[in-house]
Amino acid sequence: MIECKVESIRVSLVTQARVVILKEIDSERYLPIWIGPYEADSIALELQEVPVQRPFTHDLLRNIVSELGATVTHVFINDLRDDTFFARIVLDVRGRHAEVDSRPSDAIALAVRTKCPIYVEEMVIERAGVTVSLDAETVRDDDDDLPDGESLSQSERIDEDRLSVFRDFINSIDMDDLGKSGEGPKKG
């Protein structure tokens with residue numbers, strides 16, 4: 001498992017689609033995940049510490065977990081199948097381990113509220129992650145990191161082609177302000 005943090009939330013000027021950018025804690029690898037506008041707003045409001053008059057859905061979920069005597073130990077983005085990410089919310093329920101299936105956007109929104117770690121399965125980062133090349137300021141896929149003479153299998157190459165839309169989106173945004181934390185949704 002690789003620990004990540006929410007680096008930013010971006011909005012496409014063309015499609016208005018939202019993407020949450022997770023950054024690996026110990027490297028310059030990023031994982032873009034397309035999410036819905038409500039989930040994007042929920043994550044951004046919590047990261048910006050904007051007070052709300054009434055609890056939103058993710059606040060409600062945090063409150064229910066707490067009232068039932070449980071704690072969220074971490075969230076885990078554990079799979080990527082057919083261009084869809086999958087996640088698990090991991091709970092400690094009075095000493096009992098429990099896992100709940102979740103969309104990554106909901107798991108991340110809960111994680112920022114409970115201040116718990118966000119982990120990503122290595123295979124997911126390898127397949128969908130991008131690396132920022134600091135000298136050229138471009139984004140490249142992890143196939144560039146393979147030793148000379150090695151390449152991805154046919155099925156991995158098909159997955160890479162499907163995920164190229166993420167790389168296109170990342171290449172279209174200004175990478176200079178990725179390191180600024182606490183930013184809300186940005187147009188880029």
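The values are calculated or read from the model by the stated rules, or taken from the named source; none is laboratory data. None of the values given here were measured: they were computed from a predicted structure. All Cβ positions, even for glycine, are placed from backbone atoms using ideal geometry, and neighbour counts span all protein chains on display.
Residue under question is SER12, and the condition is that it be within 27 Å of GLU126 (Cβ to Cβ), surrounded by 20 or more Cβ atoms within 10 Å (Cβ to Cβ) and polar (S, T, N, Q); does it hold? When the stated conditions are applied, SER12 does not pass them.
Do we have any residue at all in region 1-11 that's assigned to a helix (DSSP H, G or I) and in contact with a His (Cβ under 9 Å, 6 or more places away or on another chain)? Checked against the condition, which is being assigned to a helix (DSSP H, G or I) and in contact with a His (Cβ under 9 Å, 6 or more places away or on another chain), region 1-11 yields no hits at all. In region 76-96, the residues that are touching a residue at least 60 places away in the same chain (Cβ under 8 Å) and surrounded by 19 or more Cβ atoms within 10 Å (Cβ to Cβ) reach residues that are among the charged types (D, E, K, R) and assigned to a strand (DSSP E or B) with C-beta atoms within less than 8 angstrom, at least six apart or across chains, in these pairs: PHE76/ARG88.
In region 54-62 there is no residue matching the filter, namely being of a type outside the set (S, T, N, Q), closer than 19 Å to GLY129 by Cα and modelled with pLDDT under 95. Scanning region 24-38 for residues that are more than 18 Å from ARG103 (Cα to Cα) and either in a helix (DSSP H, G or I) or in contact with a Lys or Arg (Cβ under 8 Å, 6 or more places away or on another chain) (or both) yields ILE25, ARG29, TYR30.
Can you confirm whether SER102 is without any contact (Cβ under 8 Å) to a residue 60 or more places away in the chain, surrounded by 12 or more Cβ atoms within 10 Å (Cβ to Cβ), closer than 27 Å to ARG10 by Cβ and of a type in the set (Ser, Thr, Tyr)? Criteria met by SER102. Residues that are within 18 Å of CYS4 (Cα to Cα) and touching a Gly at 6+ places or on another chain (Cβ under 7 Å) within region 81-124 comprise just one, SER105.
Taken as a whole, the condition of being among the aliphatic types (A, V, I, L, M) and touching a residue at least 40 places away in the same chain (Cβ under 8 Å) applies to ILE125.
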